[in-house]
1. Just check region 346-408 against the gyration tensor rule for me: Cα atoms, a ≥ b ≥ c as the square roots of the eigenvalues, rounded for a/c under 1.5, and otherwise prolate or oblate depending on whether a/b exceeds b/c.
2. What trypsin sites (Lys or Arg not before Pro) does region 177-235 have in DSSP loop regions with at most 12 other beta carbons within 10 Å?
3. Could you pull out every whole DSSP H run in the chain that spans at least 27 Å of Cα extent along its own axis and averages 0.5 or higher on the Kyte-Doolittle scale?
4. Tell me, what % of the accessible area of region 29-188 is carbon and sulfur with a 1.4 angstrom probe?
5. Along the principal axes of its C-alpha atoms, what lengths does region 309-426 span, in descending order and rounded to whole Å?
6. Plugging the Kirkwood radius over Cα pairs into Stokes-Einstein for region 113-243, at a temperature of 37 °C and a viscosity of 0.692 mPa s, what D comes out in µm²/s?
7. By per-residue mean of other Cβ atoms within 10 Å, what is the highest-first order of 293-303, 337-347?
8. State the volume of the convex hull built on the alpha-carbon positions of region 12-171, expressed per residue in Å³ and rounded to an integer.
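The values are calculated or read from the model by the stated rules, or taken from the named source; none is laboratory data. If you're wondering where the values come from, they're calculated on a predicted model, not measured in any experiment. Here Cβ is always computed from backbone atoms with ideal geometry, including for glycine, and neighbour counts include all displayed protein chains. When the accessible area is computed, the model is the full protein with side chains, heavy atoms only, and any ligands, DNA or RNA have been set aside. Shrake-Rupley method; radii C 1.70, N 1.55, O 1.52, S 1.80 Å.
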Amino acid sequence: MKNISLDITKASCFLAEGTVAAFEPKVKAAQEALENGTCPGNDFLGWLHLPSSITPAFLAEIQACADTLRQNCEVVVVAGIGGSYLGARAVIEALSNSFGWLIQDGKNPTILFAGNNIGEDYLFEMTEYLKGKKFGVINISKSGTTTETALTFRLLKKQCEAQRGKEEAKKVIVAVTDAKRGAARTCADKEGYKSFIIPDNVGGRFSVLTPVGLLPIACAGFDIKALVEGAQDMEKACGKDVPFAENLAAQYAAVRNGLYQSGKKIEIMVNYQPKLHFVSEWWKQLYGESEGKDKKGIFPASVDFTTDLHSMGQWIQDGERTIFETVISIEEPEKKLLFPNDEENLDGLNFLAGKRVDEVNKMAELGTRLAHVDGGVPNIRISVPKLNEYYIGQLIYFFEIGCGISGNVLGVNPFNQPGVEAYKKNMFALLDKPGYEADSKAIKERLAKEK
């Protein structure tokens with residue numbers, strides 16, 4: 001089975017000759033620092049060889065828990081925020097029927113995602129939808145005190161117990177949390193919930209291949225064994241001893257850092273398949289939270305083509321030339337649909353009759369890449385043979401190792417997120433949370449002066 005592939009020719013041509021090759025020693029040093037544990041944030045490198053460490057017994061335990069939820073739930077709600085839900089959602093939406101939430105054929109539970117916002121309407125409407133339904137909950141939180149997730153879990157726990165009874169609810173509430181510490185661990189132990197551990201040395205945005213991602217993905221009915229196999233094969237393909245010219249992650253890290261140094265400050269992730277929308281959302285968190293610090297870092301953005309060609313397309317074609325694109329291209333769609341002939345041909349599209357819709361899409365993709373390159377936008381292309389579990393697993397690990405290398409080349413700690421705490425401090429002060437009295441007084445005095 002072939003791997004995903006990378007084409008950087010339409011990006012490296014925007015750089016001085018030899019630029020990408022000149023990054024080889026920097027990239028090799030960055031990858032060796034990851035392997036040797038000598039890089040900043042070296043206590044969060046558990047993801048690096050995670051795929052190859054996953055055992056059949058571990059996957060069987062995940063699958064058994066997923067099967068229990070699948071057999072006893074019409075709906076499974078995944079409560080988590082950031083890395084605690086984006087990876088799972090990316091995989092599930094990439095592999096699901098586009099209208100699965102309407103079909104509800106009884107083969108698979110409906111998967112909902114909550115705990116990622118504090119929208120009162122959203123939470124009210126979710127609780128209304130769940131009334132009268134047999135639902136279960138996967139609560140994903142290392143601490144159990146992240147505001148968005150903790151608030152949502154409290155609502156879901158109470159509703160599940162009210163609708164199913166406390167004893168039955170215990171069988172369909174699962175905690176994915178810290179091994180020993182935190183409110184979620186305490187709650188799971190007290191209530192007797194089935195639980196899985198978030199490894200201490202794996203940060204949230206790198207956690208798709210832990211129970212954080214694997215359990216929801218298995219609940220949705222997808223093959224987690226194939227997902228892990230794809231990641232394992234990509235781990236080998238991007239190993240530190242793989243030659244630079246053959247190492248996809250090394251090449252990706254080199255060209256994007258070269259473009260950044262040349263003034264390209266924004267990377268736009270592009271897809272031509274609507275199912276990949278949340279893959280882009282996961283990628284944005286992975287790279288934004290890893291590289292955006294010390295007043296440095298490429299800004300990760302995304303578009304869904306061809307839809308956004310009718311909105312953002314103008315800016316990309318003719319706007320400020322501080323951008324480059326990375327295009328995820330799916331070689332072969334799962335389904336086949338031929339364009340029909342029409343006798344009247346009022347729309348003038350009979351020249352497409354008999355062609356696959358995907359052929360039209362592929363020509364839109366090629367035509368857009370050519371136009372954008374001509375317009376001064378470097379293009380990286382990631383080619384994925386099919387949209388299935390195996391290749392999504394490859395894509396996940398490719399982006400993870402590429403991120404670790406790239407962040408080290410950039411000279412930041414890719415594994416912390418100090419800026420994330422700033423809003424929380426202000427929010428807790430404004431809500432008069434106990435322990436924040438001094439902060440509360442200071443921020444209220446500041447707001448009074450600004451009126």
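1. Working: a/c = 5.46, a/b = 1.69, b/c = 3.24.
Verdict is oblate for region 346-408.
2. On the way: sites: K180, R181, R185, K190, K194, R205, K225; in loops: K180, R181.
Of the trypsin sites (Lys or Arg not before Pro), the ones in loops of region 177-235 whose Cβ has at most 12 other Cβ atoms within 10 Å are K180.
3. On the way: long enough: 389-410 (31 Å, 0.80).
In the chain, the long hydrophobic H runs are 389-410.
4. Values: 3990 of 7470 Å².
That fraction is 53 percent.
5. 64, 38, 32
6. Working: Rh = 16.2 Å.
Answer from the Stokes-Einstein relation: 202 µm²/s.
7. Put in order of decreasing packing, that is 293-303, 337-347.
8. Values: hull volume 31.9 nm³, N = 160.
It comes to 199 Å³ per residue, whole-number rounded.
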